[in-house]
Amino acid sequence: MTIKHLVITTQRGRIDKVVSEMISKLSRSRIKKLIDKHLVWVNGKLTKPKYKVKAHDKITVKIPAPKKLSLVPEKIPLDIIYEDRDVLVVNKPQGMVVHPAPGHPDHTLVNALLYHTPLSNINGTYRPGIVHRIDKDTSGLLMVAKNNLAHYSLSDQLRHKTNVREYIALVHGNIKEKGGTVDAPLGRSRRNRKKQAVVSDGRHAVTHYKVLERFGKYTLIACRLETGRTHQIRVHMKYIGHPLVGDPLYGPRKTIKGHGQFLHAWKLGFHHPRTGKLLIFTVQMPVIFRQVLDKLRRQKYCGKQNY
């Protein structure tokens, strides 16, 4: 149990908002849960999430120690595209988390992989074999290292940008140009700690995109990553005014319903760690993605308003 003592000076607003700003590691939802569990006190008394702090308020926050994650192999079906003694390429379904983390302790891709095969062990306790990630609601190809030789090689290729990573995305709006490049640094949003944003002091990030098909209100694009920052495509496309369809974090509320953002890692390439041979893999989009595109095409050719 960690105990934080806060004294209000210039801050104003609801206690959940103020405390989350003063303790950056805690979100507003987390603060609300702590209040509901009677772990937040104001001036020696229990409080409620709607309480509005005042000058000189003394707030005590008791933060329980995080539960330890246990990495247990789980018999979960895997869509394996390629496998040998060194590497494995898997088609991750939309909705699956890549590795265990607070809030997602099990049923992850790593849990499934461990049941299937031994993995490299140089990337932390809860990320064995994981060289790169894609978001929970992004589907598509991931390369996995089965041993440390493979892990060092694949990581080095990512670092030197010699591998291939291409995505297909459906975005809002009509992109008139044939394509373009977004070169904008990314970092944690100063307004919402759960989001990434374009910030002046962020990490270098470059996304190349080209238009594949236009549907009036929507555009289907292919994206090629030059760097691999968290939420890179999602943030970059929002930055240029074309957020991803279905994106619950960066997109508009009025959007096409699905299971999260319409973003699919369709193409992956790398040099084999042992032979040096260039391997290229592709995989088709999930059913719901294809169904939405089919509907947009029918409406386009019939001259109807898209969604």
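Before moving on, here are some points about what is shown:
- Here the range 147-284 was treated as a single set of alpha-carbon atoms; its pair distances binned every 5 Å from 0 give 2, 10, 18, 20, 18, 15, 9, 5, 2, 0 percent.
- Overall shape: rounded for the range 2-63, with the ratio a/c of the largest to smallest alpha carbon gyration tensor axis below 1.5.
- Measuring spread by the Cα atoms of the range 68-160 yields a radius of gyration and Dmax of 12.2, 35 Å.
- Annotation for the range 30-61: trypsin sites (Lys or Arg not before Pro) lying in DSSP loop with at most 16 further Cβ atoms inside 10 Å of their Cβ are LYS37, LYS50, LYS54.
- Proximal aspartates and glutamates relative to LYS176, as straight alpha-carbon distance under 12 Å, when same-chain residues fewer than 8 apart are discounted: GLU213
- Once the gyration tensor of the Cα atoms in the range 80-121 is diagonalised, the equivalent ellipsoid follows with semi-axes of 20, 13, 7 Å, ordered largest first.
- Ordered by the count of other Cβ atoms within 10 Å of each Cβ, fewest first, MET143, MET285 give MET285, MET143.
- Each Lys and Arg contributes +1 and each Asp and Glu -1, all at the Cβ; summed about the Cα centre of the chain, the dipole is approximately 1660 debye.
- Whether the range 153-229 is rounded, prolate or oblate, judged on the alpha carbon gyration tensor where a/c under 1.5 counts as rounded: oblate
- Cross-link check: pairs LYS48/LYS257; LYS92/LYS254; LYS195/LYS254; LYS146/LYS267 evaluated at a Cα-Cα cut-off of 25 Å; pairs beyond the cut-off: LYS48/LYS257; LYS92/LYS254.
- Shape metrics for the chain, restricted to C-alpha atoms - Rg then Dmax, Å: 22.3, 67
- Anisotropy class of the range 227-307 from Cα gyration tensor, a/c 1.5 cut: oblate
- Of ARG234, ARG165, ARG28, the one that fluctuates the most in a GNM where the chain has Cα springs shorter than 10 Å: ARG28
- Taking the helices alone, the chain has a mean residue ellipticity at 222 nm of -6000 deg cm²/dmol, built from -39,500 (n - 2.57) per DSSP H run of at least 4 residues and averaged over all its residues.
- Taken about its Cα centre, the range 68-160 carries a charge dipole of roughly 220 debye when the Cβ of each Lys and Arg holds +1 and the Cβ of each Asp and Glu holds -1.
- Residues TYR51, TYR209 in ascending order of nearby Cβ atoms (within 10 Å, fewest first): TYR51, TYR209.
- Residue order for THR275, THR207, fewest other beta carbons within 10 angstrom first, comes to THR275, THR207.
Read the figures in this text as sums done on the coordinates, not as results from a lab. On a predicted model such as this, the values are computed, not experimentally measured, just so you know. Note: ideal-geometry Cβ built from the backbone for every residue, glycine included; neighbour counts use all protein chains shown.
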